[in-house]
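Provided herewith is a single structure, encoded as structure tokens, for subsequent inquiry.
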Amino acid sequence: MSQQLYLSSSPHIHSGETTSDVMRAVLFSLLPACVVAVYFFGPPALAVLLIATLGCMAAEVICQCLMGQPVSSADGSAAVTGVLLAFNLPPTSPWWLTLLGAVIAIVIGKQVYGGLGSNPFNPALVARVVLLISFPVHMTTWSLPAPLGSGLDLVTTATPLGVWKNAVMLTGHAPPEMQAGTLSFFLGDMPGCVGEVSALALLLGAAYLFYRRILTWHIPVAYLGTVVLLSGIFWLVNPEKYPDPVFHLVTGGLILGAFFMATDMVTTPVSMTGMLVFGVGCGVLTVMIRLFGGYPEGVSFAILLMNAATPLIDRYTRPKAFGMPRGEGWR
Amino acid sequence: MLAAILSLGCIGLVAAIALGFAAKKFAVEVDPRELAVLEVLPGANCGACGFPGCAGYAKALVAGKIDLNQCPPGGAELVTQLANILGVEASAAAPEVAVVLCQGDNHRAQLKYRYLGLEDCTAAQKIADGPKSCPGGCLGLGSCQRACPFNAIEITPEGLAVISREKCTGCRKCISVCPRQTIRMTPLESTVHVLCNSHDKGALVRKYCQIGCIGCHICQKTVPQAYRVENFLAEVVYEEHLVAMEAIDKCPTKCIRDFATGYPDGSSLLPSTDPEKSDAA
Amino acid sequence: MAIKLKTFCGGIHPPGNKQWSAHKPIEDCPLPEEFIVPLAQHIGAPSTACVEPGQLVAKGQTIGAPKGFVSVPVHAPTSGEVVAVEPRPHPWGTSLPAVVIRPDGEDRWAEELEAADPNDLYPEDMVERVRLAGVVGMGGAAFPAHVKMSPPPEKKIHTLIFNGVECEPYLTADHRLMLEEPERILQGIALLRFIYGAERVVIGIEANKPDAIALLQAECKDTPVEVIALEVKYPQGAEKQLIAAVTGTEVPSGGLPMDIGVAVQNVSTAAAVTDAIIYGRPLIERICTVTGSAVREPKNLRIRIGTPLSHLVAVCGGLLEEPGKIILGGPMMGFTQTSFDVPAVRGSSGLLLLREEEVVCQAEGPCIRCARCVQGCPMHLLPTTIAAYARRNLVAEAAEYRAMDCIECGCCSYNCPATIPLVQAIRYGKAAIIAKKRALTL
């Protein structure tokens, strides 16, 4: 025989889908939200997106070179982290802030733990929270969306959640004009981070990931369901003070968080039950931080806290093995 | 401000008292000799002594349950130290190093097939007895390298394990993981080895390896007392290692190597510059 | 689909690739120049050779005697001369003792084989005839059939399931057998039903074989045998998954189907049982699908046990190109072979030749915890966790995560985007667990 045969352990065929395919699909699914962001916030948003993405990729290459490891940025995971980081920054972020965020995400959020697959926390969220705590002014300067061609300058303002929190803190009541804009919030016409403004665009991307079977329904449904349920209870008890569940859904980073951040595979549980527990935990924490916390938005903190709980959740939510009595996984 | 200082101070004080009390009350009595023994042990927890770690060996030593020379990594020096601490007489076992009895890397030895799968020699061995045509040759997937607690094993770019004579402490971890028994313990004082582990007939060995022992007896004919050939495989009689050098150039397949002049080709290891070490015994 | 087809939880949907051979009628494979009949072809003790080089043997004559209860005899596939009794390359990877026979071309049956009227036989006689005929599970595992047919008296078998699922991609041997020789299968089913004394008899077939389902349903119309269409999903034909799909009951972890009163036999085993009990013919031939992208003309062949793979390839028009992998069995659980010198054995349901570009995938990457292995696992385990423990030699932890329940179906490795050899790692862990247990009992 002229060439040598391959031998291996079974199975001998593979689905053909690799890690970089998965990452590419995620990147693709984030495109609509990128387009909407650039539409509403113009060149600054594009700059944030580019700096964050290229910054993350560069940081990964430099890190791996320094550590003498094979460079793996072709797998696209650094790019995904970069885009997600950009989505979590205000469009007005100065370039150095974005770049710093990228370095933090890759170096502190990912590579120090051993790179792809080993990080306990979502790298993009680690960077966002570090920036939020270190540079509160820059990270909470919001601008009104100014659709391309409308000729308006960016006007500094507050996010809907911020407006609500301020009003509640000052008067104890929700601001009267708050309910007006649910539909425009849904479309993305609200102040906020680059990627979180348009729920519609994010849902479009998420739908693609569902179609590709990269997302499963467990975490988003558990997360959003819990938010709706819990915030609904508060709203029913005191509609004067607490916003309604729909407001919760369409404002802030909830949709982005539920579909793209809380579903980061590396930092979430592997079993179905574990994913449900994870989603419920994120939902409870988000509502609690939004309604009673010091920050108007709680999605990032909620997800990071649940990331920390992931090993524990994994431990206690093992699936019931075939042929074992019921309840065997819960030990 | 004052309240904060006071309250924190109080908490600190209470905690300090509690800790101090706990330290006295729950202190574990340890034989001071055990601590002293643990101090001089290498601390690699390699398990060569048969205990899970150095602490277990220390305990057994103090209890007098085990010989002092059960720690190959510590060598003769350790035995003297232990003898001093424990106040007993003891002599060290002759120091040994592990040697990979193969030079057939992917370049010199024929592959039976191309292996896909776990980077692990035992896993590869389970698939049609391993990818090398030679039944005893090094598979080069690095199981021994990963098992070595002393970082003494390198895998050459061509896929051959080579053990550093300087770093090897003789703990035998590599021997326990090698699925083909290619690694052997040899006396440290001998630098000459027949680097082949195939008992196949010469004609067959020639077919699959350029550098394997073909059992031609030339080494034995050159220096009869220093070599023995069994089952088509030559072996150095290590008691006579000093005269074994003479046969190296005579070997038609160059499978006898003197590590004092160099490690197998492809290895980045340099021969020992300190001849003292090999005479240490 | 109007009715939801029965199935199990988990599993994967690999491309079936059965179109190459599904429509090809079974062809009789001509005799090769030399038969290599391994003495170990079944799970259990290998048989011992009872012929010597130079001896003339007849077709069906016993050439290897069984050793112990979990063992079966081996028979001559044709008449001819024993050339050698020596170790030869074996599908399991090593060289194992085999009887090499050069056919004389007469293909003369041995005289001692006797047909029998099943009405005159007690179940025990039938089991004995099955044992003497060397019948093993033909699905691939090759477990001696007579052992499976003699459950201890306290384990009453109430449900007997016949496995016509053939969920492995590429393979169509059982499919063709069901289409072309249903009477052989049904006779065997009737015999096995009598032997087991089962009340319920089910033939499970994957829904991608509508012609076989329709044919068997028509044949079984007035019999108590049910023919059930099952969802097309791998590993639908794995014993435990098939039982779960058909009966809705799970075989307890570490237990056997007989613990819940069920027995499973392959449809081709049923056909072999017919031959053994009624005609007294030993298991010397089987249907084997020769297929794959490197074969010129994929075929379903009726082959004699011991036919070298090179002969099978030649009968199928040779190679289109040099294969990257030679696989005996299906692509999910088959064994790769080092050469074409290896013979096909009793468990060889297929010979699959894949091109190089189909078998080489990217280098292994880090696990991104995507949980596809978990979703695909038909045993509901956490493959990535078990594999990680196994690779670090954490034997107790791997066992704790139920490594021993793994059926090595390959769903996890198939799904893994990082192409981690999960099954191989788990297999490694299982071997370590068994070794540790053995060390503890000694």
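The values are calculated or read from the model by the stated rules, or taken from the named source; none is laboratory data. Please read these numbers as outputs of a predicted model, since none were measured by experiment. A quick note on method: Cβ atoms are made from the backbone with ideal geometry, for glycine too, and the neighbour counts reach across all protein chains shown.
Being away from chain C (no Cβ under 14 Å) and surrounded by 18 or more Cβ atoms within 10 Å (Cβ to Cβ) is the requirement here; does A:Leu84 meet it?
Yes, satisfied.
May I pose another question? Find the residue count for segment C:419-438, including only residues that are crowded, with 24+ Cβ neighbours inside 10 Å and within 8 Å of chain A (Cβ to nearest Cβ).
Within segment C:419-438, residues that are crowded, with 24+ Cβ neighbours inside 10 Å and within 8 Å of chain A (Cβ to nearest Cβ) number 3.
I'm checking my understanding of the structure. Among residues of segment B:100-146 that are in a strand (DSSP E or B) and more than 14 Å from chain C (Cβ to nearest Cβ), which one is surrounded by the fewest Cβ atoms within 10 Å (Cβ to Cβ)?
Applying the filter and picking the extreme gives B:Val100.
State all residues of segment C:226-273 that are surrounded by fewer than 21 Cβ atoms within 10 Å (Cβ to Cβ), in a strand (DSSP E or B) and β-branched (Val, Ile, Thr); if no residue qualifies, say none.
The answer is C:Ile228, and nothing else.
OK, next. Taking segment C:79-108 as the search range and keeping residues that are part of a loop (DSSP other than H, G, I, E, B) and touching a Pro at 6+ places or on another chain (Cβ under 9 Å), which one is surrounded by the most Cβ atoms within 10 Å (Cβ to Cβ)?
The qualifying residue surrounded by the most Cβ atoms within 10 Å (Cβ to Cβ) is C:Pro91.
Considering only segment C:191-220, state which residues are in a helix (DSSP H, G or I) and surrounded by fewer than 18 Cβ atoms within 10 Å (Cβ to Cβ).
Of everything in segment C:191-220, those that are in a helix (DSSP H, G or I) and surrounded by fewer than 18 Cβ atoms within 10 Å (Cβ to Cβ) turn out to be C:Phe194, C:Pro210, C:Asp211, C:Ala214, C:Leu215, C:Gln217, C:Ala218, C:Glu219.
Here's a follow-up. Pairs needed: first member in segment C:88-117, more than 14 Å from every other protein chain (Cβ to nearest Cβ) and touching a residue at least 40 places away in the same chain (Cβ under 8 Å); second member anywhere, in a loop (DSSP other than H, G, I, E, B) and surrounded by fewer than 14 Cβ atoms within 10 Å (Cβ to Cβ); C-beta distance under 8 Å; at least 6 residues apart or different chains.
Close Cβ pairs (under 8 Å, with a partner that is in a loop (DSSP other than H, G, I, E, B) and surrounded by fewer than 14 Cβ atoms within 10 Å (Cβ to Cβ)) amount to C:Arg102/C:Glu33; C:Pro103/C:Glu33.
Sticking with this structure for a sec: Using beta carbons and a limit of 7 Å, which pairs, at least six apart or on different chains, have the first residue in segment A:124-144 and without any contact (Cβ under 8 Å) to a residue 40 or more places away in the chain and the second one assigned to a helix (DSSP H, G or I)?
Qualifying pairs under 7 Å: A:Val130/A:Ile104; A:Phe135/A:Leu97.
Consider segment C:151-186. How many of its residues are among the hydroxyl-bearing types (Ser, Thr, Tyr) and within 19 Å of the chain's Cα centre (by Cα)?
Matching residues across segment C:151-186 total 2.
Can you find a residue in segment C:304-322 that is assigned by TED's automatic domain parsing to the domain that holds C:Cys288, touching a Ser or Thr at 6+ places or on another chain (Cβ under 7 Å) and in a loop (DSSP other than H, G, I, E, B)?
yes
Please go through segment C:320-334 and pick out each residue that is more than 10 Å from chain A (Cβ to nearest Cβ) and more than 29 Å from C:Ile407 (Cβ to Cβ).
C:Leu320
Go through A:Leu170, A:Leu148 for me and flag whichever is in contact with a Phe, Trp or Tyr (Cβ under 6 Å, 6 or more places away or on another chain) and either at pLDDT below 65 or assigned by TED's automatic domain parsing to the domain that holds A:Pro239 (or both).
Result of the check over A:Leu170, A:Leu148: A:Leu148.
Being touching a helix residue (DSSP H, G or I) at 6+ places or on another chain (Cβ under 9 Å), crowded, with 23+ Cβ neighbours inside 10 Å and within 30 Å of C:Lys148 (Cα to Cα): is that true of C:Val72 here?
When the stated conditions are applied, C:Val72 passes them.
I would also like to ask the following. Just the residues that are of a type in the set (Phe, Trp, Tyr) and touching a residue at least 60 places away in the same chain (Cβ under 8 Å), please, taken from segment A:252-277.
A:Phe260
Additional query: Using beta carbons and a limit of 6 Å, which pairs, at least six apart or on different chains, have the first residue in segment A:70-85 and in a loop (DSSP other than H, G, I, E, B) and the second one among the hydroxyl-bearing types (Ser, Thr, Tyr)?
Pairs that qualify, where the first residue is in a loop (DSSP other than H, G, I, E, B) and the partner is among the hydroxyl-bearing types (Ser, Thr, Tyr), are A:Gly76/A:Ser20.
May I pose another question? Kindly indicate which of C:Gln362, C:Gln375 is more than 30 Å from A:Gly323 (Cα to Cα) and either touching a Cys at 6+ places or on another chain (Cβ under 8 Å) or facing another protein chain (nearest Cβ under 9 Å) (or both).
C:Gln362
Continuing with this model, one more query. Show me the helices (runs of 4 or more DSSP H) found entirely inside segment B:1-89 where at least 3 residues are over 30 Å from B:Ala147 (Cα atoms).
Hits in segment B:1-89: B:2-25, B:75-86.
Has segment C:204-226 got any residue that is more than 22 Å from the chain's Cα centre (by Cα) and among the β-branched types (Val, Ile, Thr)?
Yes, some residue in segment C:204-226 is more than 22 Å from the chain's Cα centre (by Cα) and among the β-branched types (Val, Ile, Thr).
What residue, of B:Pro72, B:Pro149, B:Pro95, is under 21 Å from B:Met185 (Cβ atoms), touching a residue at least 60 places away in the same chain (Cβ under 8 Å) and within 14 Å of another protein chain (Cβ to nearest Cβ)?
Of the residues listed, the single one that is under 21 Å from B:Met185 (Cβ atoms), touching a residue at least 60 places away in the same chain (Cβ under 8 Å) and within 14 Å of another protein chain (Cβ to nearest Cβ) is B:Pro149.
Still on this model: Being in contact with a strand residue (DSSP E or B) (Cβ under 6 Å, 6 or more places away or on another chain) and hydroxyl-bearing (Ser, Thr, Tyr) narrows it down to one residue among A:Thr92, A:Thr81, A:Thr98; which is it?
A:Thr92
Could you please give the count of residues in segment C:335-356 that are within 11 Å of another protein chain (Cβ to nearest Cβ) and either touching a residue at least 60 places away in the same chain (Cβ under 8 Å) or surrounded by fewer than 23 Cβ atoms within 10 Å (Cβ to Cβ) (or both)?
12
Return only the number of the condition from (1) touching a residue at least 60 places away in the same chain (Cβ under 8 Å); (2) more than 14 Å from every other protein chain (Cβ to nearest Cβ); (3) surrounded by 21 or more Cβ atoms within 10 Å (Cβ to Cβ); (4) not in a helix (DSSP H, G or I) that C:Leu171 does not satisfy.
For C:Leu171, the exception is condition (2).
Within segment A:29-48, is there a residue that is within 11 Å of chain C (Cβ to nearest Cβ), surrounded by fewer than 23 Cβ atoms within 10 Å (Cβ to Cβ) and at pLDDT 90 or above?
No.
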